[in-house]
Amino acid sequence: MKSLKKIIRLILYLSMIPAGYIVASLLLTFITVNKTVDKVHAVNTIYLNTNGVHLNVIFPVHQLDEKLILGLDVEDEAQYLSFGWGDENFYLNTPTWNDLTFKNAFGALFLKGNSLIHLTMYFRKRPNWVAVNVTKEQLKTLNHYLSESFKLDDSGEKIILKGKGYSTNDEFYRANGSYSCFKTCNTWVNSAFKTSGLKSCYWTPFDFGLINKYTD
């Protein structure tokens, strides 16, 4: 009987870990940083987009600096580039949410692995994108943040995984950092905004946290 009580107590303690993570995440998600918006000088527009779980940040091609766009396999006709960051195994083996497995999800959250940047080309603006107005300095910082996220080879070149994209308008590149439950695809985008002085969440693993700051 004592052993059974210990097992039940252990199960209860373990169940508190994910519950505590979710509660803490929601609380930190709703805390807004960089509340002041410079509407006068925010003359450039970028965009946020989500597939329901995974957040991406989208730039008009002409707003990308030379260092960032150098080495990217981009068609001349592309008007917008979308950037996402995430776990390599999850990206490559979970092209749709129907392909999601417990093994891939557990590995991404709790096992240290390589990360990738998912680059997608768009040839026109989509109506479901959320517009974000940024200043010249904020745009410069965002460009730098994205540039530093790419892993480079010994020659200083970006490393593309040819033929690994989901379609003809996207590619994967090796990235710096490792995905975890504390650094997700969504915290990566939020950190880009936070670092650039843009309105953002204190911390968030969710996609809705940052987008809601610009749709309220």
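Listed here are the residues, each with its yes/no results for (1) touching a Pro at 6+ places or on another chain (Cβ under 9 Å); (2) open to solvent by 20 Å² or more (accessible area, probe 1.4 Å); (3) at pLDDT 95 or above; (4) under 19 Å from Ile22 (Cα atoms).
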site	(1), (2), (3), (4)
Phe123	no, yes, yes, no
Leu146	no, no, yes, no
Phe150	no, no, yes, no
Lys162	no, yes, no, no
Ser167	no, yes, no, no
Ala175	no, no, yes, no
Thr184	yes, no, no, yes
Ser196	no, no, yes, no
Ser200	no, no, yes, yes
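Checked against the criterion of being modelled with pLDDT of 95 or more, in a loop (DSSP other than H, G, I, E, B) and either buried (at least 16 other Cβ atoms within 10 Å of the Cβ) or not small (Gly, Ala, Ser) (or both), the candidates Leu72, Leu81, Leu68 yield just one match: Leu72.
Every listed requirement among (1) touching a helix residue (DSSP H, G or I) at 6+ places or on another chain (Cβ under 9 Å); (2) open to solvent by less than 40 Å² (accessible area, probe 1.4 Å); (3) under 22 Å from Leu68 (Cα atoms) is met by Ser180 save one, (3).
Before we move on, is Val61 of a type in the set (Val, Ile, Thr), open to solvent by 30 Å² or more (accessible area, probe 1.4 Å), modelled with pLDDT of 95 or more and over 18 Å from the mean Cα position of the chain (by Cα)? Yes; evaluated as a whole, the condition is true for this residue. Considering the range 159-192, the residues that are free of Cβ contacts under 8 Å to residues at least 24 places away in the same chain and hydrophobic (A, V, I, L, M, F, W, C) include one that is nearest to Leu92 (Cα to Cα), namely Ile159. Restricting the first member to the range 127-153 and to residues that are among the basic types (Lys, Arg), and the second to residues that are open to solvent by less than 20 Å² (accessible area, probe 1.4 Å), the beta-carbon pairs closer than 6 Å and six or more apart or on different chains are Lys151/Ala175.
Taking the range 202-216 as the range and being in contact with a Ser or Thr (Cβ under 7 Å, 6 or more places away or on another chain) and open to solvent by 30 Å² or more (accessible area, probe 1.4 Å) as the test, the residues that pass are Trp203, Phe206. Is it the case that the range 15-33 has a residue that's modelled with pLDDT of 80 or more, open to solvent by less than 30 Å² (accessible area, probe 1.4 Å), part of a helix (DSSP H, G or I) and not hydroxyl-bearing (Ser, Thr, Tyr)? No, that holds for no residue.
For the criterion of being open to solvent by 20 Å² or more (accessible area, probe 1.4 Å), modelled with pLDDT under 95 and within 18 Å of the chain's Cα centre (by Cα), Gly107 fails.
The values are calculated or read from the model by the stated rules, or taken from the named source; none is laboratory data. These figures come from a predicted structure and were not determined experimentally. Note: ideal-geometry Cβ built from the backbone for every residue, glycine included; neighbour counts use all protein chains shown. The accessibility values were calculated without ligands, DNA or RNA, using every heavy atom of the protein model including side chains. Shrake-Rupley method; radii C 1.70, N 1.55, O 1.52, S 1.80 Å.
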